[in-house]
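> First the structure, then my questions, so here it is.
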Amino acid sequence: MALISCMLTLLFIYTGMAVRDVIPPCDPHVFDSGVEVCLSDFNQSLETSGPRDHCAWPAAKRIYTQLKHCVDNSADVSQCRGRGSLMDEVFLKVHEMYFSDCGLVQDPPLFTLVMLIAPVTIVTLLLPLLYFYLTPRDVSVI
């Protein structure tokens, strides 16, 4: 039994299967330099795509996808994929800068609310009168 385990250990060491799970170290400097290029391209594309109104998301969806692919490639090159904090920091900064207003919901103007609610309220109040005038009345009572 000991001979078999020694032979399997030597086989794993010889074939390299014992060291395949070693992850190369992340190079944050290469990652940061790649991300700087990605962010400069993103900023330039976003500024030329149109004005930043209440929420820049609809106009920036394609540009954001390009940024995501660029940051993913930079993480692959620098061996920083799987170390989520570096990539998360990049996207948190982007979201704080450009998309912080996207989740804010505002009430419509008062005139719009009145125009939506008033017809329903008036019809509801007039239905009993309409029923009273449209139903036939039998005057003979037995």
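The values are calculated or read from the model by the stated rules, or taken from the named source; none is laboratory data. Owing to the predicted nature of the structure, the values given are computational and were not obtained by experimental measurement. Glycine also receives a Cβ, built like all others from the backbone with ideal geometry; neighbour counts cover every protein chain displayed. We work out accessible area using only protein heavy atoms, side chains counted, and drop any ligands, DNA or RNA first. Shrake-Rupley method; radii C 1.70, N 1.55, O 1.52, S 1.80 Å.
> Say we look at segment 57-70 and pick out the residues that are more than 13 Å from the chain's Cα centre (by Cα) and modelled with pLDDT under 90; which of these is least open to solvent (accessible area, probe 1.4 Å)?
Ile63
> Still on this model: Which one is most open to solvent (accessible area, probe 1.4 Å) among residues in segment 74-120 that are within 22 Å of Val35 (Cβ to Cβ), hydroxyl-bearing (Ser, Thr, Tyr) and in a helix (DSSP H, G or I)?
Across segment 74-120, the extreme among qualifying residues is Ser85.
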